[in-house]
Amino acid sequence: MDTVLLSRLQFAATAAFHFIFVPLTLGLSILVAYMETKYVRTGDKDYLRMAKFWGRLFVINFALGVVTGITMEFQFGMNWAEYSRYVGDIFGSPLAIEATVAFFLESTFLGVWIFGWNKISPKLHALSIWLVALATNLSALWILIANGWMQHPVGYVINNNRAEMVDFWAVVTNAYGLLKFAHTVLSGWVVAGFFVLGISAYHLLNKNETEFFKKCLKIGAIFALVSSILVAAVGDFHAKEVAHTQPTKLAAMESLWNTTTDAPMYLLLIPDPENEKNSVEAIGIPSMLSILAGKKEIKGLKEFSPSERPPVTLTFVSFRLMVGLGFLFILLTLLVLIKFRYIENSTIFLKLLLWSIPLPYIAGQLGWIVAEVGRQPWIVYGLLKTTDAVSKAVEPSQVLASLIGFTVFYGALGIIDIYLLAKYARKGPEPKEV
Amino acid sequence: MEFQIIWFILWGLLWAVYFALDGFDFGAGILYPFIAKDEMDKKAVIHAIGPVWNGNEVWLITAGGATFAAFPTTYAYMFSYLYTPLLIILFALILRGVAVEFRPKAVTDTQKKLWDIGIFLGSLIPSLLFGVAFGNIFMGLKFDDSGYYGTLFSLLNPYGLLVGLLFLFTFIVHGGLWISLKVQDTLAEKAMARAKKFWYLQAICAVLFLILTAVFTNLYDNFLKLPFWFAVPALAVTCLLVTGFYIMKNKRGRAFISSALFIISLVFSGVIGLYPNLIPSSIDSKYSLTLFNSSSSPYTLKIMTIVIIIFVPIVLFYQAWTYKTFMYKITEKELKEEGY
């Protein structure tokens, strides 16, 4: 294997692993902040127990999110030196801003929150978790502005044999990046909503603290429902932006080979990339694809030379599954609210909720596959090929060794983290003071 | 032009603040298995760095991010040339972070022991390797137009290792002083005793560093050209002596502050010696990565300067507030109420 393939595998593996922890952080921080605020406002000790119970799980999850994030920053230079040199003038800024504006705030005030229960006033303590929530979501904004630029580069000129920024405002207000930010952050809120739903369902199944966990269930359900609807709505705008800026990605997402006017959408479709066609196309909805893409004429993959097309099957399947899961989330959360009154008696439904915890995580990973695999062969769409971006000074053996190291090390850490999360989730909140 | 120089100074400043802050976390982590014998002591040492280590580490992320934004060419080649040592530092930092967070949750003796080793190695390895990396940067890396010719083992040369040991002993002293400020009684005495012992080793390494830097590097050239700048290494030497003086006098707070100032002036001595290089080439200076040939465009540097000027003071303000909030002696009360 060559350095390019190994570096891609390593980036994919470390980014995917990092993104196991990030989405929960994005959403759960807000829920914990809400719970603690409720306690400060009402004095209801149940909300304090709630903030502490979910907060402990938040902290366990956060630890791995932070440490695996350092890897991402190091890797641009370590494995993608030519990329870093070529786009650093633009791409480096949002990264540095992310650290300066968001990471300091998040890490400092999480420390305050964990150790400050008896050191600062309850109001200030609640404020510190709000600052954590603000900072984590703000960090997502800057990293997705950076990623948005890789998807749709704006505000630059090619000068001195590299891309140089000429319009910071254009980079920051790049519609691609902002839509991606909204879509990603909302999907993280769905993850957190389902996390709360699933663990609450577990305790309701075990008849443990029914009143307490029904409250949690309601908070989780409302949060997840609103987020699921919004993530789908933003997703629709995001798809239109993709159609507008990344025709090859859109064609791969829909496995569309020939340029079509008023393109239909086939509910049943099996791509056959070798013969540049689909082996099955059935149950078509007329003009649907054109409507969703916001364009009358959709370019097919055959318009582009095979070397400029992304892997079709992977992009297509990931996109379909993600969208399907997205609709499932809306349905499931609606059902929770409809059945809420006697939900503790619906054993099967509660089990379903428990087993649904991984689904939004999977949807998020699939979304990233669509975004990053669908962008290939470009690392910066239309500007720089992935094969030209890799470090020249690094040997394949080095990357292979580090890839093995990451797999073993991350594997062990992942198991430990899930073990701890499960342990403290099962344990439930501190008992009520009598 | 002037933005490049501002960013060169900021680059040094970010590293200096990082080492002055996370340095004591590393030192505490290295001393931890040796001075903390029972569970209460161990909890106390972890609590001593618990609220602040993560915020301290962000200075590293910012130093890395700022290098990327302001000197992308340096960032690209520094990180890819030093692939293996940075990977080891990265793994160690991950291990340290996870170990500090999860050690309090360990139940069995095996789990506790494993996390204890994690805290120790995760603190020891970066301390040593950051020093080795900077020592090699001071000497210059072996690279030209077509690439890099060094290996991990070529970095572990006598001068690199000396700077590694200087960093290591400096952080141990720094961490020992921090622990002595944060904990009580015997544990604080033990930390102080270690700080004293390691101060001698630190001083020996510092003297060797002053001499061998003239032999192995060109850092003195800048100082000989403009002797005014000798004030900075002179300040470093003074701070080191003052640290020792206050350690002997058992004035812990003052010793800690002067130890922090020593780290900052040490880093700036190196940075002034490097100017205008960020990474000198040991093959020929025409290949060196300088603040002029590796920087971002003036436009990007201007934007980043505005961001830094607004946000770094805010960060310093709330981090200082955090230090003030957690500037108490850890007693049994704190250790018992800790549910996390």
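The values are calculated or read from the model by the stated rules, or taken from the named source; none is laboratory data. Keep in mind it's a predicted model, so treat the numbers as computed, not measured. FYI the Cβ positions are ideal-geometry reconstructions off the backbone, even for glycines, and counts take in every protein chain you see.
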Quiz item: If you check A:Lys38 against the conditions, is it more than 23 Å from the chain's Cα centre (by Cα), away from chain B (no Cβ under 12 Å), under 21 Å from A:Leu134 (Cβ atoms) and part of a helix (DSSP H, G or I)?
Solution: yes
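Looking at A:His238, A:His183, which one is over 23 Å from A:Leu421 (Cβ atoms) and at pLDDT 95 or above? Working first, answer last.
Values: A:His238 fails: at pLDDT 95 or above.
A:His183 is the lone residue from the list that is over 23 Å from A:Leu421 (Cβ atoms) and at pLDDT 95 or above.
Residues checked against (1) within 13 Å of another protein chain (Cβ to nearest Cβ); (2) among the aliphatic types (A, V, I, L, M); (3) under 25 Å from B:Ala320 (Cβ atoms):
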position	(1), (2), (3)
B:Leu60	yes, yes, yes
B:Gly65	yes, no, yes
B:Tyr83	yes, no, no
B:Leu86	yes, yes, no
B:Phe91	yes, no, no
B:Val100	yes, yes, yes
B:Ala106	yes, yes, no
B:Asp116	no, no, no
B:Phe138	no, no, no
Quiz item: Which residues, taken from segment B:260-301, are under 17 Å from the mean Cα position of the chain (by Cα) and small (Gly, Ala, Ser)?
Solution: B:Ala260, B:Ser265, B:Ser269, B:Gly270
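Please verify whether segment A:108-117 includes one or more residues that are more than 19 Å from A:Ala175 (Cβ to Cβ), under 22 Å from the mean Cα position of the chain (by Cα) and in the same structural domain as A:Glu73 (by TED's automatic domain parsing). Before you say what the answer is, go through the steps one by one.
Applying the first criterion (more than 19 Å from A:Ala175 (Cβ to Cβ)) to segment A:108-117 yields A:108-117.
Pick out the ones that are also under 22 Å from the mean Cα position of the chain (by Cα) and you get A:110.
Those left that are additionally in the same structural domain as A:Glu73 (by TED's automatic domain parsing): A:110.
Checked segment A:108-117: at least one residue is more than 19 Å from A:Ala175 (Cβ to Cβ), under 22 Å from the mean Cα position of the chain (by Cα) and in the same structural domain as A:Glu73 (by TED's automatic domain parsing).
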Exercise. Scan segment B:68-76 and give yes if some residue there is modelled with pLDDT under 95, more than 8 Å from chain A (Cβ to nearest Cβ) and either assigned to a helix (DSSP H, G or I) or on the phi > 0 side of the Ramachandran plot (or both), otherwise no.
Key: yes
Self-check item: The one condition in (1) touching a strand residue (DSSP E or B) at 6+ places or on another chain (Cβ under 6 Å); (2) surrounded by fewer than 18 Cβ atoms within 10 Å (Cβ to Cβ) that A:Ile348 fails to fulfil
Solution: (1)
Exercise. Determine the pairs where a residue that is over 11 Å from A:Glu254 (Cα atoms), located within segment A:293-318, has a partner that is loosely packed, with under 14 Cβ neighbours inside 10 Å and among the charged types (D, E, K, R) with Cβ atoms under 8 Å apart, the partner being 6 or more residues away or on another chain.
Key: A:Lys296/A:Asp262
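Taking segment A:349-389 only, how many residues are among the basic types (Lys, Arg) and closer than 24 Å to A:Gly88 by Cα? Break it down stepwise before answering.
Filtering segment A:349-389 down to residues among the basic types (Lys, Arg) leaves A:351, A:375, A:385.
Okay, now just the ones that are also closer than 24 Å to A:Gly88 by Cα, so A:375, A:385.
Within segment A:349-389, residues that are among the basic types (Lys, Arg) and closer than 24 Å to A:Gly88 by Cα number 2.
Filter segment A:375-402 down to residues that are over 22 Å from A:Met150 (Cβ atoms) and either touching a Lys or Arg at 6+ places or on another chain (Cβ under 7 Å) or touching a residue at least 12 places away in the same chain (Cβ under 8 Å) (or both), then give me how many there are.
Step one: list which residues in segment A:375-402 are over 22 Å from A:Met150 (Cβ atoms), which gives A:393, A:395-398, A:400-402.
If we keep only those that are either touching a Lys or Arg at 6+ places or on another chain (Cβ under 7 Å) or touching a residue at least 12 places away in the same chain (Cβ under 8 Å) (or both) as well, we get A:393, A:395-396, A:400, A:402.
Summing the residues that are over 22 Å from A:Met150 (Cβ atoms) and either touching a Lys or Arg at 6+ places or on another chain (Cβ under 7 Å) or touching a residue at least 12 places away in the same chain (Cβ under 8 Å) (or both) in segment A:375-402 gives 5.
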Exercise. Consider A:Glu98 carefully, then state whether it is within 8 Å of another protein chain (Cβ to nearest Cβ), in a strand (DSSP E or B) and under 23 Å from A:Tyr86 (Cα atoms).
Key: no
Practice problem: Return the only residue of B:Leu161, B:Leu86 being touching a helix residue (DSSP H, G or I) at 6+ places or on another chain (Cβ under 9 Å), part of a helix (DSSP H, G or I) and under 25 Å from B:Tyr220 (Cβ atoms). | Solution: B:Leu161
Quiz item: Got at least one residue in segment B:26-42 being in contact with a helix residue (DSSP H, G or I) (Cβ under 9 Å, 6 or more places away or on another chain), within 14 Å of chain A (Cβ to nearest Cβ) and at negative phi?
Solution: no
Practice problem: Working only within segment B:193-218, note down all residues that are surrounded by fewer than 18 Cβ atoms within 10 Å (Cβ to Cβ) and of a type in the set (D, E, K, R). | Solution: B:Lys196, B:Lys197
Quiz item: Looking only at segment A:403-434, which residues are more than 10 Å from chain B (Cβ to nearest Cβ), in contact (Cβ under 8 Å) with a residue 12 or more places away in the chain and part of a loop (DSSP other than H, G, I, E, B)?
Solution: A:Gly428, A:Pro429, A:Lys432, A:Glu433
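Got a sec? Which of A:Asp417, A:Asp388 is buried (at least 17 other Cβ atoms within 10 Å of the Cβ) and modelled with pLDDT of 90 or more? Show your work before the answer.
Numbers: A:Asp388 fails: buried (at least 17 other Cβ atoms within 10 Å of the Cβ).
A:Asp417 is the lone residue from the list that is buried (at least 17 other Cβ atoms within 10 Å of the Cβ) and modelled with pLDDT of 90 or more.
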Exercise. Select from segment A:204-261 the residues that are of a type in the set (Lys, Arg) and surrounded by fewer than 20 Cβ atoms within 10 Å (Cβ to Cβ) and list them in ascending order.
Key: A:Lys207, A:Lys214, A:Lys215, A:Lys218, A:Lys240
Quiz item: Just one of the numbered conditions (1) in the same structural domain as A:Leu24 (by TED's automatic domain parsing); (2) farther than 28 Å from A:Thr184 by Cα; (3) aliphatic (A, V, I, L, M) is not true of A:Val280; which one?
Solution: (1)
Practice problem: Count, please, the residues in segment B:304-318 that happen to be in contact with a helix residue (DSSP H, G or I) (Cβ under 6 Å, 6 or more places away or on another chain) and either crowded, with 20+ Cβ neighbours inside 10 Å or at pLDDT below 90 (or both). | Solution: 2
Self-check item: Those helices (runs of 4 or more DSSP H) lying entirely in segment A:279-372 with at least 2 residues in contact with a Leu (Cβ under 9 Å, 6 or more places away or on another chain) and farther than 15 Å from A:Gly235 by Cα
Solution: A:312-338, A:347-355
